[in-house]
1. Rounded to whole Hz and in sequence order, give me ³J(HN,Hα) for the range B:336-344 from the Karplus expression 6.51 cos²θ - 1.76 cosθ + 1.60, θ = phi - 60°, writing x for Gly and Pro.
2. With viscosity set to 0.890 mPa s and temperature to 25 °C, compute the Stokes-Einstein D of the protein assembly as shown, Rh being the Kirkwood radius across alpha carbon pairs; µm²/s, no decimals.
3. Rounded to the nearest 20 Debye, what is the dipole magnitude of the range B:40-292 about its Cα centre when Lys and Arg each give +1 and Asp and Glu each give -1 at the C-beta?
4. Name the residue farthest towards the positive end of the dipole of the range A:3-134 from the options A:THR129, A:TRP16, A:ALA80, assuming +1 on Cβ of Lys and Arg, -1 on Cβ of Asp and Glu, about the Cα centre.
5. Going by how many other Cβ atoms sit within 10 Å of their own, how do B:SER47, B:SER305 line up, fewest first?
6. Pairs B:LYS137/B:LYS190; B:LYS34/B:LYS190; B:LYS164/B:LYS270: which are spaced more than 29 Å apart, C-alpha to C-alpha?
7. Where the only charges are on Cβ atoms (+1 Lys, Arg; -1 Asp, Glu), what is the dipole of the range B:1-149 about its Cα centre, to the nearest 20 debye?
8. With label points built 7 Å along Cα→Cβ from the Cα atoms of B:GLU312 and B:ILE294, find their separation and express it in nm.
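Every read-out reported here was derived from the displayed coordinates using simple, explicitly stated rules and does not represent laboratory data. Owing to the predicted nature of the structure, the values given are computational and were not obtained by experimental measurement. Note that each Cβ is placed from the backbone with ideal geometry, even for glycine, and that neighbours are counted across all protein chains shown.
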Amino acid sequence: MTYQEIHDKLTSTSSWQQSYREIMLLGKQLPNLPNALKTEQAQVKGCESNVWLHVELDESQQHMLLVGDSDTRIVKGLLAIVLSLYNSKTPTQAAKIDAYQEFESLGLIKHLSPSRGNGIKAIVDRIQTIALQWV
Amino acid sequence: MSDIAQLRNDFVTLNQSIEGNPLVYLDSGATSQKPQVVINEINHFYSKNNANVHRGLHTLSERVTSQYEGVREKLAQFLGVFATELVWTSGATHSINLVASGLTNQLRYDDVILITALEHHANIVPWQQLAQRTGAKLKVIPVNDQGIICTNNVLAQIQKWQPKIFACTHASNTLGNILDVQVFIAQAKKIGATTIIDGAQAFLHLRPNLRQLDCDFYVLSAHKALGPTGLGILFGKYEQLNALPVYQTGGEMIETVTFDQTTFRQAPAKFEPGTPNISAVLGFGAAIDYLSNINFSAMHKYEQSLFKYLLEHLSAIKGVKLYGDLDNNIGTISFTFKSEHHYDLAMLLNSYGVAVRSGHHCTQPLMQALNLNGTIRVSLAFYNNHTDIDRFISALNNCIQLIEG
Ligand SMILES: Cc1ncc(COP(=O)(O)O)c(C=O)c1O
């Protein structure tokens, strides 16, 4: 699903339960990472759940390729949203994305708060740091 | 019993909605809600009486000092001990650290510190660090698969290890188990061990008489027992307490100071340097008054009946697994649902206004022993009611549908 499709879906929900249902569905649709890719290095710290993230650069296309996984349904769904924001963007485009703003417009800003321990902020920070190295 | 149910009205925080649903507060193990009298007392102090204690001849200081010391007296009565045996600290954590630091010189290489697998990190890490400082050994009494420690096993382990220090929780913050600490203490005393009991969870629900328990030290946190945050208590039998070296130094805890040396006051003053948390002490005084006016056996009965109701409904949900000692319990239960992550359940429950704790509850070694990465914890207090539990169970069923649907 593209970020735009996700955006349309989430902004048309009318209750938290409905949003969570959609978020968890997004998580279900995100392919599981094979165990070999769930490395210590790929792990994003600062999450109550386990989150793994790989960010690569397609040298020929200059596009970013991201894959990730989490052992919780909700964080995995939120991760799917983040990945849809950044996948196949150039590092320059990626560096300009304001994920905070996007989560705000999706009505999910509370998921970025540090006390939720879901690490979405840590995930976004890691992607941004990597993108900036490639700019 | 209905009298107890009425008390809920004194807790205004409970009267609000979260995400459009009535708040169902089931996280009293993390911190209790505060009755209005406590909030009023703090308000009154800052708006009418604000002054420092033990420092002035003026009327306000005089008034506040006598109130402040009055709370120590009141709490001493409540606990069945002398006021001189109570030290104000910043919390149970601070209290344990004070004792663990103070016992450093009493330990030799290869001495044993014995704790249980149920302990909160606050009652593990200070002992572990003490062991590392001194070359002593930290030994742990294990739990069974259900998270239970049987009394006979504790007695046997005390006999086996002959510990110099025995530190044990009165009730588990994660599982709610009540431990038979009075029996443990008697056994530990026979072999000359120093006993420290962590009463952070037990105090509100069990109202122990510390003289009867006969432990050397007992610690608690005011905020888990209707009082404000940032205040803890260390009880120590006077001789043992006074024998501990000073922990932090500064003003108020001294007799005389020159640039070359200082003489310290006697306990409890020598452990209370600097300006104390006056408003919290006064607020906690109001909490003790409030608790004193509640008939303990009625409260206990009410809490236990709520807990039974909770267990009945929770265990009826297919896929729910309960942990801990369900019979001797302060009203706290940890559970898992199938292999679902506690994070998902807690977040979904919150969308129904239900506040629970999720995760390892500052007991990572216990989680490892139970082979879990975390649980959902429901912890009750007397201001909860049957409607809270009905709402929780209904929300949990809805969450399960959301996850599985
Ligand atoms: C059993 C137990 N011991 C110690 C503590 C530490 O209390 P505090 O954080 O108030 O110092 C807690 C708090 O959760 C607890 O439950």
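1. Those phi angles translate into 10, 10, 6, 9, 5, 6, 4, 4, 4 Hz.
2. Answer, rounded: 95 µm²/s.
3. With only Lys, Arg, Asp and Glu charged at Cβ, the dipole is about 260 debye.
4. A:TRP16
5. Starting with the residue having the fewest Cβ neighbours, the order is B:SER47, B:SER305.
6. The answer is B:LYS34/B:LYS190.
7. 420
8. Once both label points are built, they end up 2.2 nm from each other.
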